[in-house]
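Readers should treat all values here as calculations from the given coordinates under stated rules, not as data from a laboratory. Please read these numbers as outputs of a predicted model, since none were measured by experiment. Don't worry about glycine lacking a Cβ; one is built from the backbone with ideal geometry, like all the others, and counts go over all protein chains shown.
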Amino acid sequence: MRTTTHTHLSVVEGFTRFARVTVVESEAEANCHTLDTILILNDRPINERSEAHDKLVQAAIEAVRDTESRLGWRGSPLRVAKVESSYVDMHPEAARLAAISAATELIGG
């Protein structure tokens with residue numbers, strides 16, 4: 001099983017956007033996409049997620065799926081294992097960009 005973590009940090013209109021996403025290449029696990037993604041905000045795991053939390057995680061998951069499709073990935077499935085951010089700086093676009101970078105590295109594109 002291979003894994004990589006990428007970070008995205010940007011400032012848009014004076015607001016910081018930050019996310020660190022860990023993507024894993026699963027060992028031919030047919031149901032790997034159904035495993036829960038760990039969400040960590042301010043260094044603490046979040047067990048009960050709000051709609052904003054779900055949007056952050058979902059942006060990363062969708063970015064990995066889109067990257068697999070765009071690059072024609074035929075290897076073992078990739079999954080988002082962990083998304084990290086802070087309450088103040090969490091933004092779905094940051095999670096999306098970090099996930100694209102991580103997935104692209106694993107695919108080798």
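Things worth noting here:
- Mean Cα-pair separation over length for the chain, i.e. relative contact order, pairs under 8 Å, 6 or more apart, %: 42
- The C-alpha atoms of the chain occupy a region whose extents along the principal axes are 39, 28, 19 Å, arranged from largest to smallest.
- Estimated [θ] at 222 nm from DSSP helical runs (n ≥ 4, -39500 (n - 2.57)) normalised by residues in the chain, nearest 500: -11000 deg cm²/dmol
- In loop segments of the stretch 2-109 as defined by DSSP, the chymotrypsin sites (Phe, Trp or Tyr not before Pro) with at most 12 further C-beta atoms inside 10 Å of their C-beta are Y87.
- The angle between the Cα long axis of helix 51-70 and the longest principal axis of the Cα atoms of the chain comes to about 30 degrees, rounded to the nearest 10.
- Cβ-based exposure ranking for M90, M1, in which fewest neighbours within 10 Å come first: M1, M90
- Fluctuation leader among T16, T67, T37 - the chain, Gaussian network, Cα springs under 10 angstrom: T16
- Top positive-direction residue, dipole computed over the stretch 2-107 with Cβ charges, set S50, F15, A103: A103
- Nearest 10 degrees, 0 to 90: helix 92-107 Cα axis against the chain principal axis: 30
- The stretch 14-109: trypsin sites (Lys or Arg not before Pro) in DSSP coil with no more than 10 other Cβ atoms inside 10 Å: R74
- Split the chain at each of the GluC sites (Glu not before Pro) in a DSSP loop with at most 13 other beta carbon atoms within 10 Å, and the longest piece is 49-109.
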